[in-house]
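Inspection log for the structure reproduced underneath, given as structure tokens.
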Amino acid sequence: MPTRTARTAWNGGLTDGSGQVELTSSGVGTFEVSFPKRAADDAGGTTSPEELVAAAHSSCYSMALSKIVADAGGTPVALDVTAEVTLGPDPAGGNRITGIKLTVRGEVEGLDEAGFKDAAEKAKAGCPISKALAGVDEITLDAALEG
């Protein structure tokens, strides 16, 4: 399997500095980062490590769920997945990811609600990003079929 790369160029200190995150492997783009905006409610046009983790988790989870649905005899028509990643204080000092909420709404043929929720839970446990984030206190899931 391939290795993917991202690069950050940072200038200045934590509270007065800023940087640019480059998605190097894909060449998709470069995005501004800033600690004050990372810790604020309004991101102000910058991204953050937590948003990038959310993007990684929602996309990985979508792929895992589509496979598990198919393996269970269903046909995934459409999956809409949101990952909310929360940054909070670490009792040991500094900050940490304190929780992740996955929300998925699916249009799936061949599975009932119970079968879909079972597949959703298996995807939550089995996607590589979920496994990498196993140290997060809580990863919750809200799964439902549409229509």
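For D80, the shell of other residues with beta-carbons less than 15 Å away shows a net charge of -2, using +1 for Lys and Arg and -1 for Asp and Glu. Once the Cα atoms of helix 113-126 and of the chain are each reduced to a long axis, what angle between those two axes, in degrees from 0 to 90 to the nearest 10, is obtained? Roughly 40 degrees between the two axes. Working note: 222 nm ellipticity from helices only, DSSP H runs with n ≥ 4, each -39,500 (n - 2.57), summed and divided by the residues of the chain, gives -9500 deg cm²/dmol to the nearest 500. Restricting attention to the chain, lysine pairs at least eight places apart or on different chains and with alpha-carbon atoms under 24 angstrom apart total 12.
For every other residue with a beta carbon closer than 13 angstrom to the beta carbon of T98, add +1 if it is Lys or Arg and -1 if Asp or Glu, then tell me the sum. Once positives and negatives cancel, what remains is -3. Here is the tail figure for the chain: Cα pairs spaced more than 22 Å apart come to 49 percent of all pairs. Here the 3J(HN,Hα) profile of the stretch 138-147, calculated from phi with Karplus coefficients 6.51, -1.76 and 1.60 at θ = phi - 60°, is 8, 10, 9, 9, 10, 10, 7, 7, 8, x Hz, Gly and Pro shown as x.
Magnitude of the charge dipole for the stretch 1-47, about its Cα centre and with charges confined to Cβ atoms of Lys, Arg (+1) and Asp, Glu (-1), is about 220 debye. Phi angles of the stretch 34-40 translate, via the Karplus equation with coefficients 6.51, -1.76, 1.60 and θ = phi - 60°, into HN-Hα couplings of 7, 5, x, 6, 4, 8, 8 Hz per residue; Gly and Pro are given as x. Overall dimensions of the stretch 1-47, expressed as equivalent-ellipsoid semi-axes from the Cα gyration tensor (√(5λ), whole Å, largest first), are 23, 12, 8. When both the stretch 85-147 and the stretch 1-33 are represented by their alpha-carbon centers, they are found 26 Å apart.
Just so you know, all these numbers are worked out from the coordinates, no wet-lab data involved. Source: prediction; values computed, not measured. Please note: Cβ atoms are built from the backbone with ideal geometry, for glycine as well, and neighbour counts cover all protein chains shown.
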